[in-house]
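Everything on this sheet refers to the single structure shown next.
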Amino acid sequence: MGEECLICKAPLEYLKEDIEMECELCHKKEMSKTRCQNGHYVCNACHMQGIDSLMGMCLQEMSGNPIEILNKMMAMPFCHMHGPEHHIMVGMALLTAYKNCGGKLDFEKALIEMYRRGQSVPGGACGFWGACGAGISTGMFLSIVTESTPLGRENFGLSHKMTARALDAIGEIGGPRCCKRDSYLSILQAITFVKENLGIEMEQSRIVCSHSSENNQCLGKKCPFFEKKKKTVDSYVAS
């Protein structure tokens, strides 16, 4: 089966309380609930090493399909089966497709802001916060394109509704976590939400997951994107 610990491939374990841990790669010490069964800990920054290459990719990307863009990101060397990199990737894929489908925004500035915001959502948020970072990333995307702030009105509400819709779709499937599944679910909800509320129609395509063999906790046939089901994407887009 696929990876768990980036150091030794042992399964991860989640503690009841935060303890001080030292990253095996950069030796930074910080509080966390997550380590592998052999005691190894890798911080979020080291887990996402190389993700800054997304900026160049997005600036050159011509596709208006955020699913297609997300799949390209998932194939890049920095992207693991699970991890906080997905909290950035979902929003960046949406920003790129939104711009390529006619959405108006300062694109480079928006990508930088998405990168900054996405980094603030730690790994494990799905289980510890009750809010998957992939779902939160859709709200960040919406707040960026509508220029929402804490004092916003309609855009403030839209950003929250976007996040809620993504998290509701994730919650309907349930756990255990799968960063690929939750990213796809979030993207699909965002495509529909943006069309309904902003009038920008991003492209979409069939999703058949190619990562199930890498995921020790794959739901198999219970996942809407499991490779043997091969249903069309339309079945999983909010009405």
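The values are calculated or read from the model by the stated rules, or taken from the named source; none is laboratory data. Not measured: the values here are computed from a predicted model. Quick reminder, even Gly has a Cβ in these numbers, built from the backbone with ideal geometry, and neighbours come from all protein chains shown. Surface areas here come from the heavy atoms of the whole protein model, side chains and all, with no ligands, DNA or RNA. Shrake-Rupley method; radii C 1.70, N 1.55, O 1.52, S 1.80 Å.
Points worth noting:
- Only helical runs count toward this figure. For the chain, summing -39,500 (n - 2.57) over DSSP H runs of n ≥ 4 and dividing by all residues gives -14000 deg cm²/dmol at 222 nm.
- Debye log10 I(q)/I(0) at q = 0.14, 0.15, 0.20, 0.29 Å⁻¹ for the range 164-229, Cα point scatterers: -0.44, -0.50, -0.81, -1.31
- Convex hull volume per residue in cubic angstrom - Cα atoms of the range 101-196: 105
- Helical segments meeting 24 Å axial Cα length and Kyte-Doolittle -1.0 threshold in the chain (DSSP H): 154-173, 179-198
- Centroid-to-centroid separation of the range 109-173 and the range 1-41 [C-alpha atoms, Å]: 26
- Top of Asn197, Asn44, Asn65 by mean-square fluctuation, Gaussian network on the chain, Cα under 10 Å: Asn197
- Expressed as a whole percent, the accessible surface of the range 1-115 that belongs to carbon and sulfur atoms is 49, based on a 1.4 Å probe.
- The magnitude of the dipole of the range 82-239, with charges of +1 and -1 set on the Cβ of Lys/Arg and Asp/Glu and taken from the Cα centre, is near 440 debye.
- Over the chain, accessible surface divided per residue gives 49 Å², non-protein components excluded, 1.4 Å probe.
- Identified option (computed Cα extents along the principal axes in Å; candidates (i) 49, 39, 38; (ii) 52, 37, 32; (iii) 50, 41, 32): (iii)
- Extension reserve of the Glu214-Leu25 stretch, reckoned as 0.36 nm per residue once the Cα distance is removed: 65.8 nm
- Violating pairs (Cα-Cα greater than 21 angstrom) within the set Lys109/Lys180; Lys9/Lys33; Lys180/Lys222; Lys33/Lys161; Lys72/Lys99: Lys109/Lys180; Lys33/Lys161
- Note that the range 1-101 carries a Kirkwood radius of 14.9 Å, evaluated over its alpha carbons pair by pair.
- Of Met31, Met114, Met89, the one that fluctuates the most in a GNM where the chain has Cα springs shorter than 10 Å: Met31
- Residues Ile187, Ile112, Ile19 ordered from highest to lowest accessible area at a 1.4 Å probe: Ile112, Ile19, Ile187.
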